[in-house]
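One structure below.
The values are calculated or read from the model by the stated rules, or taken from the named source; none is laboratory data. Computed from a predicted model, the values in this text were never measured in an experiment. Glycine also receives a Cβ, built like all others from the backbone with ideal geometry; neighbour counts cover every protein chain displayed.
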Amino acid sequence: MSEVTLKDLVVIITGAGGGLGKQYALSFGARGAKVVVNDLGGTLGGSGTSTKAADLVVEEIVKNGGQAVANYDNVVTNPEGIVKTAVDTFGSVHVLINNAGILKDSSFKNMSEKDFQAVLDVHLNGAFRLTKLCWPIFRDQRFGRVIMTTSPAGLYGNFGQTNYSAAKLGLVGLAETLAREGAKYNIKVNAIAPLAKSRMTETVMPPDVLQRLLPEKVAPLVLYLSSVDCDCSGSIFEVAAGLFAQIRWERSEGALFKPDESFTPEAILNRYPEITDFENPQHPTQLNDYNRIIEQSSKLPANDQGSTKITSLKDKVV
Ligand code: NAI
């Protein structure tokens, strides 16, 4: 089996004082990477600070013969400090794992703008700022790997997590576009949606399930995506309990409408089953080729779409 190369890569892992980030840090350290263990040491809700979380992880890596340095900066307010620690200690940055996160769950009815903003700040804006600082370094050295940590809650939605799911899906868009912009500089940007035992999940899942969701089962994918050997970019992976799977967009074949007077809500209602039929799905990986669609639709024969008049849409369209 070929070996995945991580030795001497300088890796920044945000929020690496506990949970998933800690496991990534230990795994990178064991593989000869130079690890910046960032963590401000706050609570799950984002309050308070402590140097202890990051220090303990660094201690463990060094005890096992690895190289690591602690950093306690907030990804939102001082991302510069994190990059500085990497460059001052190890000379560069090759891999950025945007992992730091907080939760401020509540139903949308009770969600304050402050809590919405705070979660977006740490997950999305923190990742943006740090990636922005690493980007010129990656471009100059023609090498960079970025992992965005999204979530099943971002991909599918989850009750009580409007702030979190909005931030997490934002990270997917960020990864998809950065993958394009980084392609010619050998910068690869991917997103992972993990599920794992940590303080984030400890109170919402039973202990026997949590035992099957150890962060050790997530780390191998993160290490692969960070490596010299990684060939993919702009991809989304779901990873939990031993399952490693890729997520992609799926579009129904759809209904192509003739550009005539049939552009009515009734036409949509009539052809709704066709619009939502996934029998022959497509898997788009880039912006639509609208010229092709316009050309195809202008060649369509006349049809009777929209000929059925509906007096009330109220009870029919959801
Ligand atoms: P965790 O709470 O153990 O780890 C998050 C770490 O980020 C904490 O150590 C915290 O101190 C640190 N942190 C928070 N705000 C920070 C800031 N502004 N600057 C620097 N560090 C900060 O939680 P876990 O589960 O390990 O989460 C890691 C990532 O994985 C998060 O982005 C989370 O949203 C994501 N995730 C976790 C899932 C799970 O099942 N555990 C599911 C889906 C996504």
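Checking each residue in the stretch 174-198 for being within 16 Å of the ligand (Cβ to nearest atom) and part of a helix (DSSP H, G or I) picks out Leu174, Ala175.
Here Leu213 meets each of (1) more than 9 Å from the ligand (Cβ to nearest atom); (2) modelled with pLDDT of 95 or more with one exception, condition (1). Can Ala68 be described as more than 10 Å from the ligand (Cβ to nearest atom), part of a strand (DSSP E or B) and assigned by TED's automatic domain parsing to the domain that holds Ala25? For Ala68, the condition - more than 10 Å from the ligand (Cβ to nearest atom), part of a strand (DSSP E or B) and assigned by TED's automatic domain parsing to the domain that holds Ala25 - is met. Quick check: is even one residue across the stretch 154-170 under 21 Å from Leu221 (Cα atoms), under 16 Å from the mean Cα position of the chain (by Cα) and not in a helix (DSSP H, G or I)? No: the stretch 154-170 contains no residue that is under 21 Å from Leu221 (Cα atoms), under 16 Å from the mean Cα position of the chain (by Cα) and not in a helix (DSSP H, G or I). Candidates in the stretch 52-65 are the residues that are touching a Gly at 6+ places or on another chain (Cβ under 7 Å) and closer than 28 Å to Lys7 by Cβ; of these, the one that is nearest to the ligand (Cβ to nearest atom) is Ala53.
Apart from one condition, Asn291 fits all of (1) free of Cβ contacts under 8 Å to residues at least 60 places away in the same chain; (2) within 30 Å of His94 (Cα to Cα); the exception is (2). Within the option set Glu59, Glu80, being surrounded by fewer than 24 Cβ atoms within 10 Å (Cβ to Cβ) and more than 26 Å from Ala175 (Cα to Cα) holds for one residue only, Glu59. Quick one: would you say Gly144 is more than 14 Å from the ligand (Cβ to nearest atom), closer than 14 Å to Ser226 by Cα and of a type outside the set (Val, Ile, Thr)? Considered against the rule, which asks whether it is more than 14 Å from the ligand (Cβ to nearest atom), closer than 14 Å to Ser226 by Cα and of a type outside the set (Val, Ile, Thr), Gly144 comes out as yes. Residues that are surrounded by 10 or more Cβ atoms within 10 Å (Cβ to Cβ) and of a type in the set (Asp, Glu) within the stretch 266-304 comprise Glu266, Glu274, Asp277, Asp289, Glu295, listed in sequence order. When Ala175, Ala127 are checked against the criterion of being farther than 20 Å from Gln23 by Cβ, assigned by TED's automatic domain parsing to the domain that holds Val36, under 15 Å from the mean Cα position of the chain (by Cα) and buried (at least 24 other Cβ atoms within 10 Å of the Cβ), a single residue qualifies: Ala175.
The set of residues in the stretch 25-65 that are among the β-branched types (Val, Ile, Thr) and outside any helix (DSSP H, G or I) comprises Val35, Val36, Val37, Thr43, Thr49, Thr51.
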